[in-house]
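The values are calculated or read from the model by the stated rules, or taken from the named source; none is laboratory data. Bear in mind that the values here come from a model prediction, so they are computed numbers and not experimental data. Glycine gets a Cβ as well: all are built from the backbone with ideal geometry, and neighbour counts include every protein chain shown. Side chains included, ligands, DNA and RNA excluded: accessible areas come from the protein's heavy atoms. Shrake-Rupley method; radii C 1.70, N 1.55, O 1.52, S 1.80 Å.
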Amino acid sequence: MQIFRSLKYHNYRLFFTGQSISLIGTWMQRVAISWLVYRLTGSPFILGLITFASLIPSLVLAPFAGSLVDRYNKFHIFISTQIVLMLQAGTLALMVWLDYYNIVWIGVLSLVQGLVNSLDVTARQSLVVNFVEKKEDLPNAIALNSSMFNGARLIGPALAGMILSAFGENICFFLNFLTYIAVLVCLSLMKIKLNPTKKSKENIWFDLKEGFNYLKRSPNIFSLILLMAASSLIIIPFTTFLPVFAKDIFHGDATTFSWFESAGGLGALIGAIYMATLKSARNFIKIIIRSSFMLSLSVLGLALAPTLIMALIFTGTAALGLMSQNSSINTYLQTHTPDNMRGRTMSYYIMAFQGVLPIGTLIMGYLAHQIGTITVVAMEGLAGILIMTSFILYRRNRFKNIKEQLG
């Protein structure tokens, strides 16, 4: 089938298998941490603060990570980060097993995860192009990555909801620890040949400046990264408040929360399957615009939803829009960036997505504490509509100027 055409490559098939297993564990851990923190504190602000700790390193370190990935063997970097993330999950499991419920240490471990992820995600994103032999299959491979991620987002929270109700958070953390074994086994079976890395004679600051200058010379790429940053700052933080919708607004429990996560996973999986069926990258800008509007309108709908069913539906459509937006931007960047700049370009994408997000969650968490969660989520949806309107006007004005310059 065309939708699975990237799986014909040995290395990508192993990558897909290992990451599919690991990501289920990762989503189980995310749900468990969110529920544990909110159960212990009852504070949306603390919930946003823990998310901030897990993601803020991407804002500061992502450009450095991109330079390191372009300098050294990205495959070896990827293996090393997976080992460290496995140890982090094991430490969380041990701490909860010993009944050591310490919010400070949970925050520290979330920070460690964020530090490692800033390097791990950059290396992983940059490696995908090496797992498929034909460049025309790269968009499909990236879309399948999104399908894998969101399939795990569908399965992981559902499992986490059952495990949290029956056994508690500890089992979720321990199972996540075990899933990294599958990743390491798959990586050890790969037969990958990377082009020899050309050692830069300049210091890392030169590489950082060179990467930023490339973005300034590429307004299409730069504008998409700015769009991603704006979404992460203002719109995407709505996901942080799903435990609040589950517990306080709709008076549910851990199972209700897992329904929200699974609804998001289902919507995103549908979007990922759609992206995987695309045979051309020519319409990605249109897809970005449409999916961004869907995301914003759905977030507004979630805030105004009168029933739990409607809230779950809007959560699913918001996730569909979010996945399509991210996947389209990711694919556009990877297919329009030269090899020697891919690591740095993707690091700015990761900084805009994962690095800006913790600032957004912290700000929105504080605002939710002051004026209420529903009001803040509604503001996020309205702001998203304004952001996309500005993006469209910018592109129209830019093309108008180009036409005038060409005469």
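A few notes on this one:
- Qualifying positions in the stretch 92-131 - at pLDDT 80 or above, more than 19 Å from the chain's Cα centre (by Cα) and under 20 Å from MET346 (Cα atoms): PHE131
- Pairing each residue of the stretch 375-395 that is more than 25 Å from PHE241 (Cα to Cα) with any residue that is open to solvent by 20 Å² or more (accessible area, probe 1.4 Å) and in a helix (DSSP H, G or I), provided the two are 6+ apart or on different chains, yields C-beta distances under 7 Å for ILE392/ILE289.
- Among the residues examined, ARG30 does not qualify as out of contact with any strand residue (DSSP E or B) (no Cβ under 8 Å at 6 or more places or on another chain), under 29 Å from MET364 (Cβ atoms), assigned to a helix (DSSP H, G or I) and free of Cβ contacts under 8 Å to residues at least 12 places away in the same chain.
- Flag if TRP97 is on the phi < 0 side of the Ramachandran plot, free of Cβ contacts under 8 Å to residues at least 40 places away in the same chain and surrounded by fewer than 18 Cβ atoms within 10 Å (Cβ to Cβ): no
- Only a single item in (1) open to solvent by 50 Å² or more (accessible area, probe 1.4 Å); (2) in contact with a His (Cβ under 7 Å, 6 or more places away or on another chain) is not met by PRO44, and it is number (1).
- Residue, modelled with the lowest pLDDT, within the stretch 221-279, restricted to residues that are among the polar types (S, T, N, Q) and within 15 Å of SER324 (Cα to Cα): THR277
- Residues in the stretch 21-34 that are of a type outside the set (A, V, I, L, M) and open to solvent by less than 30 Å² (accessible area, probe 1.4 Å): SER22, GLY25, THR26, TRP27, GLN29.
- Checking LEU357, LEU312 one by one, the residue that is modelled with pLDDT under 90 and in contact with a helix residue (DSSP H, G or I) (Cβ under 7 Å, 6 or more places away or on another chain) is LEU357 and no other.
- Within the stretch 338-382, the set of residues being within 22 Å of ILE285 (Cα to Cα), polar (S, T, N, Q) and open to solvent by less than 10 Å² (accessible area, probe 1.4 Å) comprises THR345, SER347.
- Conditions (1) touching a Ser or Thr at 6+ places or on another chain (Cβ under 6 Å); (2) open to solvent by less than 20 Å² (accessible area, probe 1.4 Å); number of the one not met by GLN113: (2)
- A single member of SER43, SER58, SER20 is farther than 25 Å from ILE181 by Cβ and modelled with pLDDT of 75 or more, and it is SER43.
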